[in-house]
1. Within the range A:139-159, is there a residue that is within 13 Å of the chain's Cα centre (by Cα) and more than 26 Å from residue B:46 (Cα to Cα)?
2. Please verify whether residue B:85 is over 18 Å from residue A:179 (Cα atoms), within 8 Å of chain A (Cβ to nearest Cβ) and surrounded by 23 or more Cβ atoms within 10 Å (Cβ to Cβ), treating the condition exactly as stated.
3. Scan the range A:29-51 and give yes if some residue there is in contact (Cβ under 8 Å) with a residue 24 or more places away in the chain, surrounded by fewer than 17 Cβ atoms within 10 Å (Cβ to Cβ), more than 14 Å from chain B (Cβ to nearest Cβ) and not small (Gly, Ala, Ser), otherwise no.
4. Can you name the residue in the range A:194-218 that is free of Cβ contacts under 8 Å to residues at least 60 places away in the same chain and among the hydrophobic types (A, V, I, L, M, F, W, C) and, of all such residues, is surrounded by the most Cβ atoms within 10 Å (Cβ to Cβ)?
5. With A:240, A:219 as the choices, which residue is at the interface with chain B (Cβ under 10 Å from one of its Cβ atoms) and farther than 19 Å from residue B:125 by Cα?
6. Taking into account only those residues within the range B:14-31 that are without any contact (Cβ under 8 Å) to a residue 24 or more places away in the chain and more than 14 Å from chain A (Cβ to nearest Cβ), which is farthest from the chain's Cα centre (by Cα)?
7. Among the residues of the range A:188-216, write down those that are more than 11 Å from chain B (Cβ to nearest Cβ) and assigned to a helix (DSSP H, G or I).
Amino acid sequence: MSTTHAFVSVRGLRTRFGSLRAVDGVDLDIARGEVLGLVGESGSGKTTLGRTILGLTPATEGSISFDGRDMVTMDRAARRGLRRKMQMVFQDPHASLSPRLRISYLLTEPYEINHVADRDRSSVGALLEMVELPPDLASKYPHELSGGQARRVGIARALALRPDFLVFDEPTSGLDVSAAAAVLNLVKDLCDRFQLTYLIITHNLSVLSFVADRIAVMYLGQLVEVGPAEQVLDAPAHPYTKGLLSAVSEPDPRQRSRSHRLLLPGEIPSPRNPPPGCRFHTRCRYAQERCRREPPIVEEVEAGQRVACHFWDVVRADSRDEVAGDQGELDTSRPLT
Amino acid sequence: MLEQVGIPDASERIGTYPHQFSGGMRQRIMIAMALLLEPKLLIADEPTSALDVTLEAQILELLRRLRHERGTAILFISHALGVVAQLCDRILVMYAGSTVELGDVLPTFERPLHPYTQALIAAAPTRGRRGEPLATIPGKVPSLSALPTGCKFAPRCAHVQDVNLEREPELVEFDGRYVRCNIYDPSSGYVATNELQSR
């Protein structure tokens, strides 16, 4: 993907809030039409990275380019025009949709704010239809909607300006299984239908296994692993990725053994005072003396898969062994009945 | 007690306020409070739904340990099938106020009997079914004050037949498992088609 120019390109990006370094040196490319999943725990900086890419939070340092044009140095009017082409779908629709406005108003508000000419507007009915909602929802208020419906209104609002690039923040959090599945199916269909480019932010890797082409893993403001979804999920080369994967509760009782192999211990340290050397060493079972002193550099371990770990080859070999050992295995040491 | 639920430096932190703890630590403290009187039964209502996957995994490990060390029975209430599959021995599936299926976890996930259970399992994204469309359940759970007659799941059921709209099914036993479905047939195994599961 480095051969053609990236649709969204981020270089050396830093976002600080006082002494808190939420995003601390991120390089990332997203190709046109690609779905990139960004995963990490709460406090990893993933939402701040998404907001910074969209310009909702100002960058402290670094460059962000969109379709080859530099967003940071561009003048305000040009940026405003470009911003219409990139939208965010917020995590909590009930908090991001004003409770006193009807759905019809909420869906036309983006046009008013951006002074969009009538001929360039989609009707409220068309927007509702895009997200598979009935037209009579237009006269309702946000509190009258279910969680899944409110999420769809949030998506419709983001689609109103016909963007090319969408950032989803935890698209399924708080939804039950069936509603989450329906929203994920919709998100994927819209991507194909309107040839959109996505950045999907989540702490849930099973969501990404369904929608993402590539996955970027973030820890304490930095990307620790980026690569094609299959490679990252099947042969993770960073111990943090492995830890996140082991923490996912798969809806398959036969995989009970998996969750005991590598629990990610403790919690993410404060980004005000990240550990020296490799930031992950305090929770890493592969950590050696070198990791406490020397920050790892990002290495390309396979085509398109980049990892920041001194011992990525050991980690990846372990991942491959485990996948091989998983075939049909059932941990009988833990009673199922 | 705080040490048992995995709070580091417990003796030093006894004087701190809840807001000074992270979400995962607060959930551990809730569990510690519930365990103080050494209950024989712990009822956990969505104890991990607001947590990151890593913290969720840690809380599940804690519950497993408590159960093995103290023999505490756990009633784990959840909509997260993955967590149930990883933690529980038996599963009871409820719909609109009644039990639709009850059985051991392994056979229930491998061969769900009730169409609702089948649909729930098919809706959960898993790494094994990467990229395939997720199954969804049309419609929504009925209001408990206006329940449909007959089988309460019938309006959303992929296998619905006329009998379901008239007669309310009984919970019947089959091989130690229980299912409430009019068209479930023990002789041919279970509900005829299994198209909901897109495996």
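Each value in this text was obtained by applying a stated rule to the coordinates, not by laboratory testing. These figures come from a predicted structure and were not determined experimentally. Using ideal geometry, Cβ is built from the backbone for each residue, glycine included, and neighbour counts are taken over all protein chains shown.
1. If we filter the range A:139-159 for residues that are within 13 Å of the chain's Cα centre (by Cα), which is where we start, we get none.
No, the range A:139-159 contains no residue that is within 13 Å of the chain's Cα centre (by Cα) and more than 26 Å from residue B:46 (Cα to Cα).
2. Values: over 18 Å from residue A:179 (Cα atoms): yes; within 8 Å of chain A (Cβ to nearest Cβ): yes; surrounded by 23 or more Cβ atoms within 10 Å (Cβ to Cβ): yes.
The answer is yes for residue B:85.
3. yes
4. Only one residue fits best here, namely A:210.
5. A:240
6. B:15
7. Those that are more than 11 Å from chain B (Cβ to nearest Cβ) and assigned to a helix (DSSP H, G or I): A:190, A:191, A:192, A:193, A:194.
Residue by residue, here is whether (1) of a type outside the set (Ser, Thr, Tyr); (2) more than 11 Å from the chain's Cα centre (by Cα) holds:
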{"position": "B:65", "(1), (2)": "yes, yes"}
{"position": "B:73", "(1), (2)": "yes, yes"}
{"position": "B:80", "(1), (2)": "yes, no"}
{"position": "B:111", "(1), (2)": "yes, yes"}
{"position": "B:117", "(1), (2)": "no, no"}
{"position": "B:122", "(1), (2)": "yes, yes"}
